[in-house]
Structures are given as C-alpha cells and as structure tokens.
Amino acid sequence: MIRTTGLGVEIDGARILSDVTVALDQPRIAVIGANGSGKSTFARTLNGLVPPSEGTVEVQGIDVAREARRARDAVGFLFTNPDAQILMPTPAEDLALSFRAARVPRAQIPDRVSAAFERFGLAGHADQPAYSLSGGQKQLLALAAVLVRAPRVLVADEPTTLLDLGNARRMADLLINGDDAGEQPEQVVVVTHDLELAARCDVALRFADGRLDEIGEPRDVIARYRAEFA
Ligand SMILES: Nc1ncnc2c1ncn2[C@@H]1O[C@H](COP(=O)(O)OP(=O)(O)OP(=O)(O)O)[C@@H](O)[C@H]1O
Ligand SMILES: [Mg+2]
C-alpha cells in the first residue's frame with residue numbers, strides 16, 4: 001500500500017508538488033503527464049530521496065520521512081540514468097555487491113550472478129568494464145542490481161527511455177510480470193512517457209502542473225491525455 005496525504009514539495013522557494021492525496025493498493029502503477037509536471041518529484045518522495053515539505057508519505061506501512069532507513073530498504077529506485085546506480089568496475093562485481101547487500105551466502109553468489117546475467121539479457125558482458133556497456137545494457141544491469149535486493153516496492157523513473165525496442169519490451173515485461181526466477185516487488189510504480197507501458201498497469205496517475213490531475217483506469221486516463229494533444 002502506498003498512501004500520501006496532503007503531500008507537497010517546495011524546493012528553494014519553488015513550488016513543485018501540491019496537495020497530493022492518494023491511496024494505491026494496485027500492484028502496477030503508472031505515472032504519466034507532461035514534462036515538468038512533477039512525476040519524478042512524486043516518485044522520489046516514495047523512498048525519501050525528496051522529503052515532503054507538507055503532508056506524509058507512507059509505503060508498506062513505513063512513514064518514509066520518519067523511518068528513512070527502512071524506507072530505503074523497502075523501496076528500490078531505478079533512475080533514468082543508470083550511471084547513477086552502477087557502483088563497481090565490472091557488471092559481475094556490481095551484481096555480486098547487490099547479492100552481498102541482500103545477504104545471499106557468499107558461496108551461492110557466483111551462480112546467482114550468472115543466472116541473473118542470463119535472465120536480464122546480459123550474458124557475455126559480465127566482466128567487461130561497466131562504463132563500456134551500452135546505455136541499454138547499463139539500464140538492465142541497474143534493474144538487475146535493484147531487484148536482487150528484493151525490494152517490496154520498486155519505483156522506476158522512465159526506465160525504458162534509453163532502450164531499443166527489444167530491450168524496452170524486456171524491461172516492460174520484467175516490470176509488469178516480473179521474472180519467474182526472482183521474488184517480485186509487491187508494487188511497481190513506473191513513471192513513463194511510454195503510453196503502451198502505462199496501459200499495461202493496473203492504475204494510472206496523471207500529473208499536471210505539480211498536482212495529481214487524474215487517477216483511474218489506464219485506458220481512460222491515457223485516452224484523455226491523448227485527446228488534449230489531438
Ligand atoms: N531542485 C529544484 N529546484 C527548482 N525546481 C525544481 C527542482 N527540482 C525540480 N524542479 C522543477 O519542478 C518541476 C517538476 O519536475 P519533475 O522532475 O518532477 O518533472 P517530471 O514530471 O518528472 O518531468 P519530465 O517528464 O521532464 O521528467 C519542473 O519544472 C522542475 O524544473
Ligand atoms: Mg521526470
């Protein structure tokens with residue numbers, strides 16, 4: 001469950017988000033809307049990256065502002081730019097680090113790492129320098145590293161932007177259906193301009209001018225969004 005009450009964000013005197021009150025129990029949640037409408041800011045409040053100026057954010061029973069540590073463990077965040085997220089010199093070392101953080105026994109880690117590379121379409125790239133991966137490969141590695149930590153909630157901010165058609169589909173499938181090998185987040189919040197991806201979610205939120213403008217069936221919310229540009 002994700003619940004915000006009167007959530008507002010002001011940064012350096014600029015009003016960015018106002019009065020967002022929402023209760024979401026759906027497994028897959030799309031966040032759409034124009035550039036600068038407040039989507040990323042909203043997404044970032046869900047794991048405490050951006051603190052609320054007003055109101056509260058509660059995720060899986062955790063008050064994000066009061067219990068920052070628990071919130072960071074419970075809510076994984078996938079950034080648009082995976083460079084923000086890849087910490088180690090090679091993909092294999094990066095994933096191994098995530099497995100250690102997830103307290104997987106050391107002896108199991110090499111096998112788990114190889115299995116993850118297969119699943120995420122990265123087989124053959126385990127030991128090349130991480131900086132030399134393509135943008136799309138980096139994004140898949142970042143997703144793998146987040147999912148390995150088995151967050152109860154995953155927030156992904158424009159996760160398909162850098163990806164080609166095949167990888168965008170792979171990413172979308174992983175976000176919506178999960179991957180059969182790993183545990184799935186109970187809830188996934190995906191901020192996206194990819195309306196096909198948004199349509200596959202259970203509910204859509206549309207932001208406009210720093211406010212939650214509409215919430216409902218993705219089909220309906222997307223249709224009205226499209227109609228504005230017709
Ligand atoms: N630290 C900040 N200081 C001032 N303004 C900010 C700050 N962070 C965000 N903003 C402004 O808040 C507004 C909302 O930004 P946000 O990144 O949430 O938009 P978005 O809906 O994710 O847009 P996009 O689709 O372009 O990613 C924008 O106008 C942005 O310039
Ligand atoms: Mg954004």
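Observations, loosely collected:
- Cα-centred dipole magnitude for region 58-152, charges only on beta-carbon of K, R (+1) and D, E (-1), debye, nearest 20: 300 debye
- Modelled spin-label separation between A199 and N35, with each label point placed 7 Å from Cα along the Cα-to-Cβ direction: 2.4 nm.
- Where labels lie 7 Å past Cα in the beta-carbon direction, separation of I215 and M88 in nm: 3.9 nm
- Selection from L195, L205, I176 lying farthest towards where the dipole of region 117-223 points positive, charges on Cβ: I176
- Semi-axes of the equivalent ellipsoid for region 130-196, computed as √(5λ) from the eigenvalues of its C-alpha gyration tensor and ordered from largest down, come to 18, 15, 11 Å.
- Cα-based equivalent ellipsoid of the chain: semi-axis lengths in Å, sorted from largest, via gyration tensor: 30, 20, 15
- Over region 1-52, Cα pairs under 8 Å with separation of 6+ residues give a relative contact order of 33 percent.
- Scanning residues 5 or more positions from E214 or on other chains, those with amide H under 5 Å from its amide H are R206, with H placed 1.01 Å from N in the peptide plane.
- Comparing A144, I86, F99 along the charge dipole axis of the chain, the residue lying farthest to the positive side is F99, per the Cβ-charge model.
- Less than 5 angstrom separates the built amide H of A65 from those of V57, all sequence-distant by 5 or more or on a different chain.
- DSSP beta bridges in the chain [antiparallel fraction, %, rounded to 5]: 50 percent
- At R0 = 45 Å, FRET efficiency that the Cβ-Cβ distance of Q26 and R106 yields, to 0.05: 0.75
- In the chain, helical runs assigned H by DSSP with n ≥ 4 each contribute -39500 (n - 2.57); averaged across all residues and rounded to the nearest 500, the mean residue ellipticity at 222 nm is -10000 deg cm²/dmol.
- In the chain, the longest principal axis of the Cα atoms and the axis of helix 218-228 are about 60 degrees apart.
- Working from Cα pairs under 8 Å separated by at least six residues, relative contact order for region 2-228 is 28 percent.
- Principal-axis tilt of helix 135-148 within the chain, Cα atoms, nearest 10 degrees: 90 degrees
- For region 100-223, averaging the sequence separation of C-alpha pairs within contact (under 8 Å, six or more residues apart) and dividing by the residue count gives a relative contact order of 19 percent.
- Net charge dipole size for region 2-228 [Lys, Arg +1 and Asp, Glu -1 on Cβ; Debye, nearest 20]: 400 debye
- Between the Cα long axis of helix 109-119 and the first principal axis of the chain there is an angle of about 60°, rounded to the nearest 10.
- Amide H contacts of L78: V155, A156, D157, each under 5 Å away and 5 or more positions distant or on a separate chain (H built 1.01 Å from N in the peptide plane; Pro and chain starts excluded).
None of the figures in this text is laboratory data; all of them are computed from the coordinates on show. No experiment lies behind these values; they were computed from the predicted model shown. All Cβ positions, even for glycine, are placed from backbone atoms using ideal geometry, and neighbour counts span all protein chains on display.
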